[in-house]
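The values are calculated or read from the model by the stated rules, or taken from the named source; none is laboratory data. Quick caveat: nothing in here was measured; it's all calculated off a predicted structure. Neighbour counts run over all protein chains shown; Cβ positions are idealised from the backbone, glycine included.
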Amino acid sequence: MFAPFTSLFDTTVFRVMTQVYEIFAFTAFIWGPVLSVWLAQKLWLNYVQAKFIAKNFDFILLEVKLPRVIGKTPIAMELVLQAFYQPDISNWYERWWLGMVRPWFSLELVSIEGAVKFLIRTPAKYKRIIESTIYAQYPDVEVHEVKDYVSLASYIGQEQEWSLWGCVFKLNKPDPYPIKTYIDYGLDSTMTDEENKSDPITSLIEFLGGVGRGQQIWIQILLQVNGKRYKTPGKYFGRHNWQEEGKKLIQDLQDKYAGETGMRATKRQAEVIHAIERSLGKVGFDTGIRAVYIAKKEQYDRTNKSGIRNAFQQYSSQDLNGFRPTGSTGFDYPWQDFHGIRGARKKKKMFDAYVRRSWFHPPYKKQPFVLNTEELATIYHFPGGVAETPTFTRIESRKGEPPANLPV
């Protein structure tokens with residue numbers, strides 16, 4: 001009766017599985033403690049970091065209201081970004097015992113029913129530094145602390161009222177390859193008339209300004225100081241930073257081009273190497289980009305998903321780098337999401353990750369990529385009069401203090 005079942009135990013596959021199990025059991029005294037130590041340090045680090053973040057990071061949201069005329073180039077935003085460059089943890093005690101982490105910030109561009117806003121989320125202790133740096137470069141703007149806009153669309157618990165779609169962005173090539181920046185668009189010169197400028201950010205602002213009633217689009221650019229997270233070849237515990245990774249890439253490209261042509265690199269190949277070298281000369285940030293489209297059920301417009309996917313397409317270059325959307329909350333085929341169970345779970349996680357601005361730490365830790373200050377200033381800067389979207393409200397002028405020597 002049981003002969004068909006007992007014959008399964010006499011097969012080659014079963015014998016191999018038995019041998020593998022015996023090897024694992026025999027060597028458990030080796031890999032068991034190693035696995036336990038690895039798991040314990042992971043759990044400990046997550047615990048002390050969560051405790052440190054809860055105790056030392058009180059985040060606030062700043063809205064930057066722009067004047068009608070901005071005569072500054074994106075170079076000014078590069079200087080503003082220097083204020084976000086906070087030092088790395090210096091020793092193992094601070095990292096492993098105290099749980100200290102590098103502070104992170106979020107540059108946000110949102111549309112609330114077509115009203116476009118520039119916002120910055122920062123730990124409260126850096127508020128004064130960021131405000132003073134912004135005013136130093138853009139003296140006519142106004143910076144105000146505001147309530148977090150995510151409360152305007154409470155998705156979790158109200159899924160029957162709202163529809164949501166979201167995605168994250170990643171680079172097409174390794175980090176040291178630069179994207180197309182404002183310098184490539186000729187925006188580094190103040191001599192160009194406003195009407196003759198081609199600012200790549202205006203297409204995104206125009207798209208955000210066209211969002212209709214009952215709809216919102218949120219875009220966050222999370223950043224923190226680049227750390228040593230690249231594995232050094234030949235060293236088990238060795239790690240190096242973004243600049244060292246870039247130098248290694250340049251050497252590999254030079255060797256590759258020399259092998260292909262038998263001589264020096266071609267003009268275009270040399271331009272690629274030069275672009276990487278120029279990019280490495282500026283401060284780099286670990287970066288993550290996340291976008292969410294949320295709308296009332298009856299006003300949800302599927303075409304906005306395409307606009308979000310192409311939001312950063314203008315910064316792409318065939319020979320260098322570019323952005324591509326990934327990790328969206330949707331599925332290509334209906335059978336991939338039985339009864340919408342997986343989709344509902346992904347949407348809740350996407351919304352919660354956005355609200356928490358979580359990227360560099362649990363619960364939604366993801367692999368960041370590196371953008372330098374020039375690249376960040378390209379995708380996030382305050383545009384001049386070339387951006388004339390009707391719903392992009394501007395102030396006439398910033399309220400100034402009276403002169404100190406004004407007679408009484």
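Of the residues examined, Glu401 is one that is of a type in the set (Asp, Glu), farther than 30 Å from Lys180 by Cβ and either at pLDDT 95 or above or assigned to a loop (DSSP other than H, G, I, E, B) (or both). I'd like the residue in the range 365-383 that is aromatic (Phe, Trp, Tyr) and modelled with pLDDT of 95 or more and, out of all such residues, is surrounded by the fewest Cβ atoms within 10 Å (Cβ to Cβ). Among them, the one singled out is Phe369.
Of everything in the range 218-237, what is touching a helix residue (DSSP H, G or I) at 6+ places or on another chain (Cβ under 6 Å) and crowded, with 21+ Cβ neighbours inside 10 Å? Give them in sequence order. Scanning the range 218-237 gives a single hit, Asn226. What number of residues in the range 85-116 are without any contact (Cβ under 8 Å) to a residue 60 or more places away in the chain and within 13 Å of Ile205 (Cα to Cα)? Adding up the residues that qualify gives 0.
If you scan the range 303-341, which residues turn out to be closer than 19 Å to Val168 by Cα and without any contact (Cβ under 8 Å) to a residue 24 or more places away in the chain?
Answer for the range 303-341, where residues must be closer than 19 Å to Val168 by Cα and without any contact (Cβ under 8 Å) to a residue 24 or more places away in the chain: Thr303, Ser306, Asn310, Gln313, Phe331, Asp332.
For the range 132-163, the set of residues classified as surrounded by 14 or more Cβ atoms within 10 Å (Cβ to Cβ) and hydroxyl-bearing (Ser, Thr, Tyr) consists of Thr133, Tyr135, Tyr138, Tyr149, Tyr155, Ser163, listed by residue number.
Of the residues in the range 147-167, at least one is in contact with a Pro (Cβ under 8 Å, 6 or more places away or on another chain) and hydrophobic (A, V, I, L, M, F, W, C). Among residues of the range 127-138 that are within 11 Å of Ala76 (Cβ to Cβ), those with a beta-carbon under 6 Å from a residue that is surrounded by 14 or more Cβ atoms within 10 Å (Cβ to Cβ) at least six positions away or on a different chain give the pairs Thr133/Val80; Thr133/Ala83; Ile134/Val80; Ile134/Val143; Gln137/Ala76; Gln137/Leu79; Gln137/Val80. Within the range 103-119, being closer than 24 Å to Gly284 by Cβ and either assigned to a loop (DSSP other than H, G, I, E, B) or out of contact with any Ser or Thr (no Cβ under 7 Å at 6 or more places or on another chain) (or both) holds for Pro103, Trp104, Ser106, Leu107, Glu108, Leu109, Phe118, Leu119.
Residues in the range 277-311 that are in a loop (DSSP other than H, G, I, E, B), over 15 Å from the mean Cα position of the chain (by Cα) and over 27 Å from Leu249 (Cα atoms): Tyr300, Asp301, Arg302, Asn310.
Could you list, in sequence order, all residues of the range 186-229 that are at pLDDT 90 or above and in a helix (DSSP H, G or I)? Within the range 186-229, Ile201, Thr202, Ser203, Leu204, Ile205, Glu206, Phe207, Leu208, Gly209 qualify.
Taking the condition under 22 Å from the mean Cα position of the chain (by Cα), assigned by TED's automatic domain parsing to the domain that holds Ser328 and hydroxyl-bearing (Ser, Thr, Tyr), does Tyr177 pass? Yes, satisfied. Of the residues screened, Ala295 is one that is touching a residue at least 12 places away in the same chain (Cβ under 8 Å), buried (at least 22 other Cβ atoms within 10 Å of the Cβ), of a type outside the set (Val, Ile, Thr) and more than 24 Å from Val80 (Cα to Cα).
Restricting to the range 88-102, what's the tally of residues that are part of a loop (DSSP other than H, G, I, E, B) and either of a type in the set (Ser, Thr, Tyr) or under 19 Å from the mean Cα position of the chain (by Cα) (or both)? Qualifying residue count for the region: 4.
Of the residues making up the range 145-163, those that are modelled with pLDDT under 95 and in a strand (DSSP E or B) are Trp162, Ser163. You will find that of Gly343, Gly307, the residue that is surrounded by 14 or more Cβ atoms within 10 Å (Cβ to Cβ), in the same structural domain as Glu108 (by TED's automatic domain parsing) and touching an Asp or Glu at 6+ places or on another chain (Cβ under 8 Å) is Gly343 and no other. Do we find a residue being farther than 30 Å from Trp162 by Cα and of a type in the set (Ser, Thr, Tyr) anywhere in the range 241-259? Yes, because at least one residue in the range 241-259 is farther than 30 Å from Trp162 by Cα and of a type in the set (Ser, Thr, Tyr).
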